[in-house]
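Enquirer: Starting off with a structure, shown below.
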Amino acid sequence: MQAFNETVGQRVVFLATGGTIAGQAADAADAVGYRAAQIGIEALLERVPGLAQRLGSWTSAAEQLAQVDSKDMSLSVWQALVRRCQELIDDEAVGAVVVTHGTDTMEESAYLLEQLLDVDAARVVLTGAMRPATAVQADGPQNLLDAVSLATDARARGVWVTFAGRVYAPAWVRKAHPYRLDAFDAGDAGPSAWIEEGQVRWLCAPVSNGDGLAAGHSRAAGRAAFLAAQRWPWVEIIHSHALADARAVSVLVDAGVEGLVVAGTGNGTVHVELERALTRAVEHGVRVVRSTRCGVGRVIGTPADAFASAGSLSPVKARIRLALDLLSREGQLSSAASAR
Ligand code: SIN
């Protein structure tokens with residue numbers, strides 16, 4: 001779809017990964033009994049009224065990177081997504097990437113991309129839909145139009161999620177509702193911008209990375225380790241709750257788990273039984289990180305804490321951050337070993 005005389009950096013590439021936005025139902029009024037990830041990206045784009053006008057002077061291209069229900073996200077799809085996004089960012093003709101994605105794990109992919117891509121000068125926008133493409137109430141076309149508005153906004157450097165007219169930063173965005181069309185929010189951070197009739201109204205300086213990016217963390221090194229990985233480090237999330245049973249922790253440690261994220265109560269507090277088991281896990285070399293099961297807010301750590309704090313990262317994002325740390329460490333250890 002490349003046009004003649006294309007201006008450098010004025011192309012949007014749509015990268016499709018599946019999800020409800022590409023879903024199909026036998027009954028247009030059925031908003032739950034459908035199959036996600038059925039319709040190809042070219043056909044989806046054809047269903048978006050006004051797309052050419054919204055693109056304006058920008059050209060576009062479309063690629064079907066994967067066709068998955070995002071609950072089934074795999075390491076190989078994530079690696080393909082990170083690799084292709086970075087290739088497109090490095091391509092001077094490309095100004096922005098729009099990723100269509102299932103809503104169920106969109107916040108995880110957005111966070112992963114934000115952690116690994118060189119996005120300082122590029123724009124990567126994820127969007128999806130809560131209703132399949134064949135539904136009477138299909139929200140995919142409007143979300144795609146909004147994604148184009150955001151992707152072609154020069155201020156929108158970084159990785160973003162746009163959904164139901166809002167723009168969210170990867171560090172904060174979360175799926176907060178299983179059914180509503182405005183299924184996403186960003187906890188107490190709120191949306192970073194609104195999109196109204198194609199205009200992006202920023203509510204804050206557009207900074208897509210929150211405090212999730214560890215100080216000194218190099219995106220290039222992290223990306224190299226991630227793309228070279230043969231397997232995703234084994235990191236589990238366990239919940240602390242009334243009458244918590246610590247046996248699960250012992251089973252996981254015996255089975256070789258490498259990291260544990262505990263979704264703690266309140267300010268990341270942990271049932272005394274679990275705390276004992278987690279302390280033993282640390283003694284066995286397992287990395288333990290404390291997050292909160294509260295949907296909003298952050299864990300406020302103290303110097304006396306036994307386990308590292310996930311700060312404002314949700315349990316699923318803390319899990320990604322911890323796994324990426326483990327991968328980088330593995331990479332460093334193996335390059336040190338091969339240098340010997
Ligand atoms: C998915 O996450 O792929 C299915 C659900 C959705 O996109 O809303």
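Enquirer: How big is the gap, in Å, between the Cα center of the stretch 190-204 and the Cα center of the stretch 218-284?
Expert: If you average the Cα positions of each part, the centres end up 37 Å apart.
Enquirer: Mind checking the angle between helix 315-339 and the chain's longest principal axis? C-alpha axes, 0 to 90 degrees, to the nearest 10.
Expert: The helix 315-339 is inclined about 80 degrees to the chain.
Enquirer: Restricting things to Cα coordinates, could you compute the convex hull volume per residue of the chain in Å³?
Expert: Cα convex hull per residue, to the nearest whole number: 151 Å³.
Enquirer: In Å, the Kirkwood hydrodynamic radius of the stretch 104-146 over pairs of distinct alpha carbons?
Expert: Hydrodynamic radius (Kirkwood, Cα pairs) of the stretch 104-146 is 12.0 Å.
Enquirer: Which whole-number percent is the relative contact order of the chain (Cα, under 8 Å, 6+ apart)?
Expert: Value for the chain: 14 percent.
Enquirer: Let me ask something else. Helix 106-116 against the longest principal axis of the chain: what's the angle in degrees, Cα atoms only, rounded to the nearest 10?
Expert: Long axis of 106-116 versus the principal axis of the chain: about 80 degrees.
Enquirer: Report the FRET efficiency, 1/(1 + (r/R0)^6), for ILE300 and GLN230, where r is their Cβ-Cβ distance and R0 is 35 Å, rounded to 0.05.
Expert: In this case the efficiency is close to 0.40.
Enquirer: Suppose every Lys and Arg Cβ carries +1 and every Asp and Glu Cβ carries -1, with no other charges. What dipole size does the chain come out with about its Cα centre, to the nearest 20 debye?
Expert: Roughly 500 debye, rounded to the nearest 20.
Enquirer: Could you please tell me the mean projected area of the C-alpha convex hull for the stretch 185-312, averaged over all directions and given in square nanometres to one decimal?
Expert: 11.0 nm²
Enquirer: If you don't mind, there's one more thing I want to ask. Among 18-24, 250-256, 73-79, how do they line up by average Cβ neighbours within 10 Å per residue, starting with the highest?
Expert: Highest to lowest by the protection proxy: 18-24, 73-79, 250-256.
Enquirer: Among VAL12, ALA277, GLY266, whose Cα lies farthest out toward the positive end of the dipole of the chain, if unit charges sit on the beta carbon of Lys, Arg (+1) and Asp, Glu (-1)?
Expert: So the residue furthest toward the plus end is ALA277.
Enquirer: Please provide three numbers in whole Å: the alpha-carbon extents of the stretch 1-118 along the principal axes, with the largest listed first.
Expert: Here the spans come out as 45, 33, 17 Å, largest first.
Read-outs throughout are calculated quantities, based only on the coordinates presented, and are distinct from any laboratory measurement. The shown structure was predicted, so the numbers you read here are calculated from the model rather than taken from an experiment. Reconstructed Cβ throughout: ideal geometry from the backbone, glycine too, with neighbour counts over all protein chains shown.
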